[in-house]
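A.B. asks: Below you will find the structure I want to go over with you.
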Amino acid sequence: MAAARTLARLGLKPDNPGAFCGEWLGTGKALPSISPIDGRRLAVVRTTTPSEYEKVLDRAARAFQAWREVPAPRRGEVIRQLGNALREAKEDLGRLVSIEAGKIIAEGQGEVQEMIDICDFAVGLSRQLYGLTIASERPRHRMMEQWHPLGVVGVITAFNFPVAVWAWNCALATVCGDATVWKPSSQTPLTALATIRIAERVCRRNQVDPAIFSLAIGDGTTVGERLINDHRVALISAAGSTRMGRHVSEAVARRLGRSLLELGGNNAVIVTPSADLDLAVRAILFGAVGTAGQRCTTTRRLLVHDQVREELLRRLIAAYQQVRIGNPLEPGVLMGPLINRQAVGEMQAALRALRDQGGRVLYGGEPLRGPRFPGGRYVRPCIAAARHDFKIVQEETFAPILYVISYETLDEALARHNEVPQGLSSAIFTNDLREAEQFLSACGSDCGIANVNLGTSGAEIGGAFGGEKETGGGRESGSDAWKAYMRRQTVTVNYSRALPLAQGIVFG
């Protein structure tokens, strides 16, 4: 009943249309939203048909034509009001994130706060879409660069951050003058519907075409494949697995479009002999257990110096034993369920592979049963002893498994840190300035995010978010990530009466 009230306050019904382009569409097959908390059906979403997809893209393209001419500060005002509307809906929307994705309440609320924060960032950005003035080699010429709106942006998001990643992309794309088409995860369609309903109300109050915030819920064949292959979509921003990212990038590259990829992470924490172990334990615990190990920034590898290994493990196991697992809506619970039973199976398969390769479980890892753990989606977080060269350690298992790996020298630790194919987030715990600086140097961490004395999770929106290698190379959120959503134009103005050529060329 409590879930039903939350849905109702967010404008959701037992049966909902799953496409939006200024009007609500969606007459395809029924997609049930199942809560991982107890396996119960929350509501049904009617997916997007092929003809409805065409209507969504056509309307989004037309909305862009008008929106690109709106002054950027005015576009920022719409995003300011969206941020305020999200503030008003924070409790209900955050609770829906918890209900549909299985996050604890604090994380659900925190995800909506990320949306609010990126809206605030984008409002300021709307007055700072700066180009450069460049010295021309030709007399009486002025050269500069300017940035123009790019077009329609397709946003593909994953279940683990069902609304924040949309906001990272959409807030920036909107102030840059773009229209967006959102394909959310089929695991979490209701959070997308609730968010778009909020955005729609803001647009209508401002007499703005709501199709700048379009939505198409559906499977990969009906929506996903069409979106990534659609020449009307200038940029595809996709968050998900490396396998998915390869497919997206190949499809977009074939049509010479742009892609912005946020893919897998196999993130490590290095703990040196000088580290503050109390600080390290807290950071590792949240990094490895938060969101039940289902973050792209989850801590999956612990590279610990032989001198402190036993003491750190003792403290870490004691901390794991205190983690309360269960219904994420209950106060005091620190870890909720995995998203579905398939994820539980994949975790167990990874642990079997670990044992087959010579590793061993030091704590946890087993599925949890009983009245407190309905639906077959709960597990105990796992600490495992492993070698750096195990095949399973090179892979990303989207579950709370922490592989503990020993090292003797920092050079050895950095080599083991960087040998995995992924390159998203990284951290070192040390009180040695030289160690910290080496970790941050060109010869140190090869990840897009590198932290000293804090964990791999919990990035702020002010910095550009993303990683290297098989993580995809994309950057979202802060810094100058806005440039991905615009097209650069180099401009030269000749205010002389001559026509000099560059490089001193004389012609005619």
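The values are calculated or read from the model by the stated rules, or taken from the named source; none is laboratory data. None of these values were measured; they are calculated from a predicted model. Using ideal geometry, Cβ is built from the backbone for each residue, glycine included, and neighbour counts are taken over all protein chains shown. In case anyone asks, the SASA skips ligands and DNA or RNA and just uses the protein heavy atoms, side chains included. Shrake-Rupley method; radii C 1.70, N 1.55, O 1.52, S 1.80 Å.
A.B. asks: Rounded to the nearest percent, how much of the accessible area of the chain (1.4 Å probe, protein heavy atoms only) is carbon and sulfur?
C.D. replies: Details: 10610 of 20880 Å².
Of all accessible area on the chain, carbon and sulfur atoms account for 51 percent.
A.B. asks: Please work out the Cα center distance from the range 271-342 to the range 231-263, rounded to the nearest Å.
C.D. replies: After rounding, the separation between the Cα centres reads 33 Å.
A.B. asks: Long-range amide H contacts for Leu260: which residues qualify at under 5 Å (H placed 1.01 Å from N, peptide plane, sequence gap of 5 or more or a different chain)?
C.D. replies: Long-range HN contacts for Leu260: Ile236, Ser237, Ala238.
A.B. asks: Further question: Restricting everything to alpha-carbon atoms, can you work out Rg to Rh for the range 31-143 with a Kirkwood hydrodynamic radius?
C.D. replies: On the way: Rg = 21.2 Å, Rh = 18.1 Å.
Value, to two decimals: 1.17.
A.B. asks: Each residue of the range 341-350 in order: what ³J(HN,Hα) in whole Hz does its phi give by Karplus 6.51 cos²θ - 1.76 cosθ + 1.60, θ = phi - 60°, with x for Gly and Pro?
C.D. replies: Listing the rounded values in order: 5, 4, 5, 5, x, 5, 5, 5, 5, 5 Hz.
A.B. asks: To the nearest 10 square angstrom, how much accessible area does Thr456 have with a 1.4 angstrom probe?
C.D. replies: Roughly 10 Å² of Thr456 is accessible to a 1.4 Å probe.
A.B. asks: Give me the dipole magnitude in Debye, nearest 20, for the range 1-144 about the Cα centre, with unit charges on the beta carbon: positive for Lys and Arg, negative for Asp and Glu. Please list the in-between numbers first.
C.D. replies: Numbers: 22 positive and 18 negative charges, 88 e Å.
In debye, rounded to 20, the range 1-144 gives about 420.
A.B. asks: Could I ask something else about it? With labels modelled as points extended 7 Å from the Cα through the Cβ direction, what inter-label distance (nm, one decimal) is found for Tyr363 paired with Glu408?
C.D. replies: 2.8 nm
A.B. asks: Using helices alone, I'd like the mean residue ellipticity at 222 nm for the chain: each DSSP H run of four-plus residues gives -39500 (n - 2.57), total over residue count, nearest 500. Intermediate values should be presented prior to the final figure.
C.D. replies: Working: 13 runs with 182 residues, N = 508.
Only helices count here, giving -11500 deg cm²/dmol.
A.B. asks: Grab the beta carbon distance between Ala66 and Glu330, set R0 = 51 Å, and tell me the FRET efficiency rounded to 0.05. Each step should come with its number before you reach the end.
C.D. replies: Working: r = 47 Å, r/R0 = 0.93.
Once rounded, the FRET efficiency stands at 0.60.
A.B. asks: In square nanometres, what is one fourth of the surface area of the convex hull spanned by the alpha carbons of the range 187-307? Don't skip to the answer; put the middle values down first.
C.D. replies: Details: hull surface 45.1 nm².
Reported value for the Cα convex hull: 11.3 nm².
A.B. asks: What FRET efficiency would be calculated for the residue pair Asp15, Arg352, taking the C-beta separation as r and a Förster radius of 41 Å, to the nearest 0.05?
C.D. replies: On the way: r = 41 Å, r/R0 = 1.00.
So the FRET efficiency works out to roughly 0.50.
A.B. asks: Give the Kirkwood hydrodynamic radius (Å, one decimal) of the range 69-201, defined as one over the mean of 1/r across all pairs of different Cα atoms.
C.D. replies: Values: mean 1/r = 0.0628 Å⁻¹.
After inverting the mean inverse Cα-Cα distance, the result is 15.9 Å.
A.B. asks: Quick one: go through the range 163-178 and flag any residue whose amide nitrogen is under 14 Å from the point 7 Å out along the Cα-to-Cβ line of His148.
C.D. replies: Hits in the range 163-178 for His148 at 14 Å: 177-178.
A.B. asks: Using alpha carbon coordinates only, what is the Rg to Rh ratio of the range 247-310, with Rh defined as the Kirkwood radius? Walk me through the intermediate numbers first.
C.D. replies: Details: Rg = 17.5 Å, Rh = 14.2 Å.
Result: Rg/Rh = 1.23.
A.B. asks: Rg/Rh for the chain to two decimals, with Rh computed the Kirkwood way over all alpha-carbon pairs. Show your work: numbers first, answer last.
C.D. replies: On the way: Rg = 24.3 Å, Rh = 24.0 Å.
Rounded to two decimals, Rg/Rh equals 1.01.
A.B. asks: Continuing with this model, one more query. Assuming 0.36 nm per residue, please report the length gained on full extension of the stretch Ser241 to Ala502 beyond their Cα-Cα distance.
C.D. replies: On the way: separation 261, 0.36 × 261 = 93.96 nm, distance 4.66 nm.
Gain in length upon complete extension: 89.3 nm.
A.B. asks: Along the Cα→Cβ direction, 7 angstrom out, place labels at Arg5 and Arg341. What is the inter-label distance in nm?
C.D. replies: Each label point is offset 7 Å from its Cα along the Cβ direction, giving 3.2 nm.
A.B. asks: Rounded, prolate or oblate: which fits the range 253-377 when a ≥ b ≥ c are the square roots of the eigenvalues of the alpha-carbon gyration tensor, with rounded for a/c under 1.5 and prolate only if a/b beats b/c?
C.D. replies: Working: a/c = 1.57, a/b = 1.11, b/c = 1.42.
Oblate, since a/c reaches 1.5 and b/c is not below a/b.
A.B. asks: Relative contact order, percent, of the chain when contacts are C-alpha pairs under 8 Å separated by at least 6 residues? Let's see the in-between values first.
C.D. replies: Details: 1140 pairs, mean separation 86.9, N = 508.
So the answer I get is 17 percent.
A.B. asks: Still on this structure: Label the range 322-441 by shape, choosing from rounded, prolate and oblate, from the square roots a ≥ b ≥ c of the eigenvalues of the Cα gyration tensor; if a/c is under 1.5 it is rounded, and otherwise prolate applies when a/b is larger than b/c, oblate when it is not. Write down the numbers at each step before the final one.
C.D. replies: Values: a/c = 2.54, a/b = 1.70, b/c = 1.50.
Cα axes put the range 322-441 in the prolate bin.
A.B. asks: Next question, about the same structure. Can you pick out the pairs among Lys13/Lys183; Lys391/Lys469; Lys13/Lys90; Lys55/Lys90; Lys90/Lys469 whose Cα atoms lie more than 25 Å from each other?
C.D. replies: Numbers: Lys13/Lys183 20 Å; Lys391/Lys469 18 Å; Lys13/Lys90 19 Å; Lys55/Lys90 31 Å; Lys90/Lys469 35 Å.
Check vs 25 Å cut-off fails for Lys55/Lys90; Lys90/Lys469.
A.B. asks: Now a separate question. In whole Hz, what ³J(HN,Hα) sequence does the range 48-54 give by Karplus (6.51, -1.76, 1.60; θ = phi - 60°), x for Gly and Pro?
C.D. replies: In residue order, the calculated couplings are 7, 7, x, 5, 5, 4, 4 Hz.
A.B. asks: In whole Hz and in residue order, list the ³J(HN,Hα) couplings for the range 120-127 that follow from phi through the Karplus curve 6.51 cos²θ - 1.76 cosθ + 1.60, θ = phi - 60°; x for Gly and Pro.
C.D. replies: Taking θ as phi minus 60°, the curve returns 4, 4, 5, 4, x, 4, 4, 10 Hz for the range 120-127.
A.B. asks: Right, next: Between Arg232 and Arg380, what length comes free when the chain is fully extended (0.36 nm per residue of separation minus the Cα-Cα distance, one decimal in nm)?
C.D. replies: Working: separation 148, 0.36 × 148 = 53.28 nm, distance 4.58 nm.
Contour length minus Cα-Cα distance gives 48.7 nm.
A.B. asks: In µm²/s, what is D for the range 161-202 at 4 °C and 1.567 mPa s, where D = kT/(6 pi eta Rh) by Stokes-Einstein and Rh is the Kirkwood radius from Cα pairs? If you can, show how the numbers build up before the last one.
C.D. replies: Working: Rh = 10.7 Å.
Roughly 121 µm²/s, to the nearest whole number.
A.B. asks: What number comes out for accessible area per residue over the range 212-360 if the probe is 1.4 Å? Units Å², please. If you can, show how the numbers build up before the last one.
C.D. replies: Working: 5790 Å² over 149 residues.
Heavy-atom accessible area per residue stands at 39 Å².
A.B. asks: Next question. Under the rule of at least 5 residues apart or a separate chain, name every residue whose amide H is placed under 5 Å from the amide H of Val404.
C.D. replies: Placed amide hydrogens put Leu302, Ala384, Ala385, Ala386 under 5 Å from Val404.
A.B. asks: Could I ask something else about it? Rounded if a/c is under 1.5, else prolate if a/b is larger than b/c, else oblate: which is the range 4-50, with a ≥ b ≥ c the root eigenvalues of its Cα gyration tensor?
C.D. replies: Details: a/c = 3.13, a/b = 1.48, b/c = 2.12.
Oblate shape, in that a/c is at least 1.5 and b/c is the bigger or equal ratio.
A.B. asks: In percent, how large is the relative contact order of the range 129-227, given Cα pairs closer than 8 Å and 6 or more residues apart?
C.D. replies: On the way: 133 pairs, mean separation 23.6, N = 99.
Relative contact order of the range 129-227: 24 percent.
A.B. asks: At R0 = 51 Å, how high is the FRET efficiency between Val323 and Thr490 if r is their beta carbon distance? Nearest 0.05 is fine.
C.D. replies: Details: r = 55 Å, r/R0 = 1.07.
Calculated transfer efficiency: 0.40.
A.B. asks: Average projected area of the Cα convex hull of the range 318-391, in nm²? Provide the component values of the computation, followed by the final result.
C.D. replies: On the way: hull surface 22.0 nm².
The orientation-averaged projected area of the Cα hull of the range 318-391 comes to 5.5 nm².
A.B. asks: May I pose another question? Would you mind computing, in nm to one decimal, how far apart the modelled labels at Glu310 and Glu460 are, each placed 7 Å from Cα along Cα→Cβ?
C.D. replies: 4.0 nm
A.B. asks: So, counting K/R as plus one and D/E as minus one, what does the shell of residues with Cβ under 15 Å around Ala498 add up to? Show your work: numbers first, answer last.
C.D. replies: Details: positive: Arg138, Arg140, Arg142, Arg497; negative: Glu137.
Its environment carries a net charge of +3.
A.B. asks: So what's the net charge close to Ser186: Lys and Arg +1, Asp and Glu -1, counting the other residues with Cβ under 12 Å from its Cβ?
C.D. replies: Details: positive: Lys29, Lys183; negative: Glu100, Asp219.
After counting each charged neighbour, the total is 0.
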